[in-house]
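In what follows, a single structure is set out as structure tokens and then discussed.
The values are calculated or read from the model by the stated rules, or taken from the named source; none is laboratory data. Keep in mind that what you see is a predicted model, and the values were worked out from it rather than measured. Glycine gets a Cβ as well: all are built from the backbone with ideal geometry, and neighbour counts include every protein chain shown. Ligands, DNA and RNA are stripped out before the accessible areas are found, and what is left, the full protein with its side chains, is counted by its heavy atoms. Shrake-Rupley method; radii C 1.70, N 1.55, O 1.52, S 1.80 Å.
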Amino acid sequence: MGRPDPEEGQLPAPVKPPDGGWGWIVLLGCFVITGFSYAFPKAVSVYFKELMKDFHVGYSDTAWISSIMLAMLYGTGPVCSIMVNQFGCRPVMLIGGLLASAGMILASFTTNIIELYLTAGVLTGLGMALNFQPSLIMLGTYFDKRRPLANGLAAAGSPVFLSSLSPLGQVLLEKFGWRGGFLIMGGLLLNCCTCGAVMRPLDMGMKRKMGKAQDKYEAKEMLPIGGKSEEGISTTDGTKKGKKAKKKPKKGKKLLDFSIFSNRGFIIYTISKFILVLGLFVPPILLVNYAKDTGVPDTEAAFLLSIIGFIDIFARPACGMVAGLKWVRPHVAYLFSFSMLFNGLTDICSARASNYTGLVIFCVFFGISYGMVGALQFEVLMAIVGSQKFSSAIGLVLLIEAFAVLIGPPSAGRLVDALKNYEVIFYLAGSEVVLSALFLGVASYCCLNRGKKEPLPENNPSAGGGSDTEEAESDVQEAEEHSSDNHQPAHSTDNAVVVANEEANHVAEEQRGEGGDCRAGDGEVSGRDGCNADQMVERDSF
């Protein structure tokens, strides 16, 4: 009755996210996957000096290994979306874990830099991409009310793994060399398969069983009580089976849903995210060299990145908790805009930092704002497109971000070489981040909120959408038309019973003669129950 039939070209409603239970295991797996995906390309840089000596190449040549990993992580987003929509999250993640591990193991046997590009760069990067995106999709499937907190906790895997993989890589390099380090790193990446194995899909069959039970319950409520109810239920089931036979075959599931581009919120998010990535990663990349140019010792300059990572670990879960508050979550896009504005202003204000104390203060505030951005970026996207279309949305967004990653940091490096001035670069990067924040906030308010506040026409029969009353009346009419053919024998039987009762009452009245107190008026139907009721009233009056 008014409930959409999942058989008629519509997907069944998804199972309600449990917001806990096995979802915490999924969150742990997502934490590990996020840590490997973001920290591993940076942690590999520990081996670059040894690679330069063995292969007789420059630093820029070895740096391409990390660049290719990140390019694969971002650029293969649509491929990951297609595979997830076709095969599901768990098989894709298992394959991705095997590819990531195989890439590092094969890289330990390479003899030139090109082979490293293909193994450690392409193969490992593709494997991590096939793990990263499905893990976020599963996280959105298992969490709804606690999703902001879950995203914040999962995003904390990046700074945690960065602070642990880099020292581990240094230890492995000193004891086993870069080849042994790559081999052991490949073994560690097999944990991605374990994380993929725990990504158990939610059961969709429970929803279908509840729908069938609801159908039978509605049939029992509509039919008369008695033995004929079973017959009516079987007749209804038979009619449904007949309808299923006449229905057209279902269309195949879309491998990549481009309809999300009709969502204005998604367009606004994508444009702002592209502008954001142009300047977001520039300061941490240039920070160490910037500190060295100001006279800071090498050890203290390297410690600045540790400060950012340490603050980032706590900033992401804390921001996730704030975003999950009832009065904050409906406005999470504005909180994301504020975090970007905070980050951009931090870059601009620190451009003239000339001593170590000023750089430490910059790292503290940058770690807070960077953690806020990292915790909210995917939460905002899930809130815009929903969990059903998130698999396609994140793939397309990561593809667009890949172009920004390839444009932003390399362009900043060229400007540094040309201008020999880091101050201009920090101003430029901060301005780009501030621009993305202002665009997201203003566009969301003007294009989305105003559209919601526009009054809808009331009681307009020419309008496309009907009221709830009209929909209920149409449902009743459809139900009557649907049940007219099935219940025709029952109605005819009831009519025969009424006629027989009328004839019996007429005979009884004639037999009573003049003493009959129960008479039927013209056009009325009277029965023995009515007479008995009058007699009971007379008895009670005594």
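Table: residues versus (1) among the β-branched types (Val, Ile, Thr); (2) under 17 Å from Val282 (Cβ atoms); (3) over 26 Å from the mean Cα position of the chain (by Cα).
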residue	(1), (2), (3)
Leu304	no, yes, yes
Arg329	no, no, no
Val332	yes, no, no
Ser337	no, no, no
Asn343	no, yes, no
Thr346	yes, yes, yes
Ala353	no, yes, yes
Leu359	no, yes, yes
Need pairs with beta-carbon distance below 7 Å; first residue over 16 Å from Phe366 (Cβ atoms) and within the range 279-296, second surrounded by fewer than 19 Cβ atoms within 10 Å (Cβ to Cβ) and of a type in the set (Asp, Glu); sequence gap 6+ or separate chains.
Lys292/Asp298
Residue check: is Tyr74 of a type in the set (Phe, Trp, Tyr) and farther than 17 Å from Gly186 by Cα?
yes
Among residues belonging to the range 363-399 that are free of Cβ contacts under 8 Å to residues at least 60 places away in the same chain and part of a helix (DSSP H, G or I), point out the one that is nearest to the chain's Cα centre (by Cα).
Ala383
If I ask for residues that are open to solvent by 30 Å² or more (accessible area, probe 1.4 Å), at pLDDT 85 or above and basic (Lys, Arg), which ones from the range 285-328 would you list?
Lys326
Restricting to the range 67-118, and then to whatever is open to solvent by 40 Å² or more (accessible area, probe 1.4 Å) and not in a helix (DSSP H, G or I), can you tell me which residue is farthest from Gly177 (Cα to Cα)?
Asn112
Applying the selection to the range 138-164, what residues are in a helix (DSSP H, G or I), open to solvent by less than 20 Å² (accessible area, probe 1.4 Å) and not polar (S, T, N, Q)?
Met138, Leu139, Gly140, Tyr142, Pro148, Ala150, Gly152, Ala154, Ala155, Gly157, Pro159
